[in-house]
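Worksheet for the structure shown next.
The values are calculated or read from the model by the stated rules, or taken from the named source; none is laboratory data. Predicted, not measured: the structure shown is a model, and the values here were computed from it. Heads up, the Cβs are rebuilt from the backbone with ideal geometry, glycines too, and the neighbour counts pull from every protein chain shown.
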Amino acid sequence: MLNNQIGFKLRVRYQKISRLRYLSHLEVLRAIERSIRRAELPFALTQGFSPHMKIAYSAALPLGAESLDEYFDVNLTDFVDTKEALKRLQDNSPENLYPLDAKYIDPKSDSLTKALTISEYEISLSSPQLSPEHIQLALDEILNRNYIEFDKKGKIKKLELQTRLYKKPQLTTIDTGKYQLNLITRALDSGSLRPDILIDALAREIEIAAPDVELCTRAIKFKDLGLDLRFDRFRVFESVLIKRTAQYIEEVTGEIKRGI
């Protein structure tokens, strides 16, 4: 049992799927805190003028992304059996934001954002007008250039890729016009590669490399109305679903292990 002089830190793995993938990161945080309160776990409070629940979360997902492997660490003032704590959380959580596993960890361990530096994604792409050669050619061009430029609050940022990719992304054809991109990224102190930024860059590259490719149905409708799409990815892809399938801790040796 851990030293109760500094409390207990319970790490919980949960999923964010289906319609709840449209919750913002802040909305997810609020929903989880409500579940902990309903579960009547003895959570610790921060000190100061405005005390709040002592809890930390893994890195935020892009809005609309699913995940099968999200985490939060909550500090408890008293020990509750792991199975009992997990059951209480499951009984008081929505099914699409559901706790899957839990364990106690060292209260002095690294924060989740510092520990979980490797993220694995499955990205489903639908585009009847694109061939796998169109997508692969654009992807190779981005990888060979080794950087992505993207707009962040009106400023153009340049993101180097090699150190932020744990492995080279792999494109698989699932069916006619349906593809899956497997992506494993590494988070650095200087920033990480968000999967949505890569897909936006991929869409822009496809338009450059294959200017004869038609816009997707959604882009055509926006163009007819004199509007601009907010995301470049929907200019060439009919649908995009980003799913985080795993998060890992990268050891000094280079080996990786799951958060729980």
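Restricting to the stretch 139-168, name every residue that is free of Cβ contacts under 8 Å to residues at least 24 places away in the same chain, polar (S, T, N, Q) and at negative phi.
Of everything in the stretch 139-168, those that are free of Cβ contacts under 8 Å to residues at least 24 places away in the same chain, polar (S, T, N, Q) and at negative phi turn out to be 144, 162.
Please find, within the stretch 246-260, the residue that is nearest to the chain's Cα centre (by Cα) out of those that are surrounded by fewer than 16 Cβ atoms within 10 Å (Cβ to Cβ) and either of a type in the set (Lys, Arg) or within 17 Å of residue 182 (Cβ to Cβ) (or both). Lay out the reasoning, then the answer.
Step one: of the stretch 246-260, the residues surrounded by fewer than 16 Cβ atoms within 10 Å (Cβ to Cβ) are 251-255, 257-258, 260.
Now drop any that are not either of a type in the set (Lys, Arg) or within 17 Å of residue 182 (Cβ to Cβ) (or both), which leaves 257-258.
Numbers: 257: 17, 258: 15 Å.
Only one residue fits best here, namely 258.
Which of the numbered conditions does residue 50 fail, given that it passes all the others? Conditions: (1) at pLDDT 95 or above; (2) out of contact with any strand residue (DSSP E or B) (no Cβ under 6 Å at 6 or more places or on another chain).
Checking residue 50 against (1) at pLDDT 95 or above; (2) out of contact with any strand residue (DSSP E or B) (no Cβ under 6 Å at 6 or more places or on another chain), the one that fails is (1).
Which residues, counting only those in the stretch 241-256, are farther than 23 Å from residue 17 by Cα, in a strand (DSSP E or B) and of a type outside the set (Val, Ile, Thr)? Step through it out loud before you land on a result.
As a first pass, look at the stretch 241-256 and keep what is farther than 23 Å from residue 17 by Cα: 250-256.
Then drop every residue that is not in a strand (DSSP E or B), which leaves 250, 256.
Correct list: 250 only.
Scan the stretch 108-122 and tell me whether some residue there is closer than 25 Å to residue 57 by Cβ, in contact with a strand residue (DSSP E or B) (Cβ under 8 Å, 6 or more places away or on another chain), of a type in the set (D, E, K, R) and surrounded by 13 or more Cβ atoms within 10 Å (Cβ to Cβ).
Yes, the stretch 108-122 has at least one match.
How many residues does the stretch 170-185 hold that are of a type outside the set (Asp, Glu) and farther than 17 Å from residue 142 by Cα?
Of the residues in the stretch 170-185, the ones of a type outside the set (Asp, Glu) are 170-174, 176-185.
This time we only want the ones that are farther than 17 Å from residue 142 by Cα, so: 172-174, 176-180.
Within the stretch 170-185, residues that are of a type outside the set (Asp, Glu) and farther than 17 Å from residue 142 by Cα number 8.
Answer with yes or no whether residue 218 is under 23 Å from residue 66 (Cβ atoms), at pLDDT below 90 and outside any loop (DSSP other than H, G, I, E, B). Don't jump to the end; show me each part of the working.
Values: under 23 Å from residue 66 (Cβ atoms): yes; at pLDDT below 90: yes; outside any loop (DSSP other than H, G, I, E, B): yes.
Taking the combined requirement at face value, the residue satisfies it.
State all residues of the stretch 141-152 that are over 23 Å from the mean Cα position of the chain (by Cα) and surrounded by 13 or more Cβ atoms within 10 Å (Cβ to Cβ); if no residue qualifies, say none. Lay out the reasoning, then the answer.
Start the filter on the stretch 141-152 by keeping residues that are over 23 Å from the mean Cα position of the chain (by Cα), which leaves 141, 144-145.
Residue satisfying the conditions is 141 alone.
Of the conditions (1) in contact with a Pro (Cβ under 9 Å, 6 or more places away or on another chain); (2) buried (at least 19 other Cβ atoms within 10 Å of the Cβ), residue 206 fails just one. Which one is it?
(1)
Being out of contact with any helix residue (DSSP H, G or I) (no Cβ under 9 Å at 6 or more places or on another chain), on the phi > 0 side of the Ramachandran plot and either in the same structural domain as residue 241 (by TED's automatic domain parsing) or not polar (S, T, N, Q) (or both): is that true of residue 191 here? Before you say what the answer is, go through the steps one by one.
On the way: out of contact with any helix residue (DSSP H, G or I) (no Cβ under 9 Å at 6 or more places or on another chain): no; on the phi > 0 side of the Ramachandran plot: yes; either in the same structural domain as residue 241 (by TED's automatic domain parsing) or not polar (S, T, N, Q) (or both): yes.
No, not satisfied.
Could you check the stretch 223-247 and list, in sequence order, the residues that are modelled with pLDDT of 90 or more, within 26 Å of residue 187 (Cα to Cα) and charged (D, E, K, R)?
Across the stretch 223-247, the qualifying residues are 232, 233, 243, 244.
Which one of these does residue 226 not meet: (1) part of a loop (DSSP other than H, G, I, E, B); (2) within 17 Å of the chain's Cα centre (by Cα); (3) of a type in the set (Gly, Ala, Ser)?
It fails just one condition, (2).
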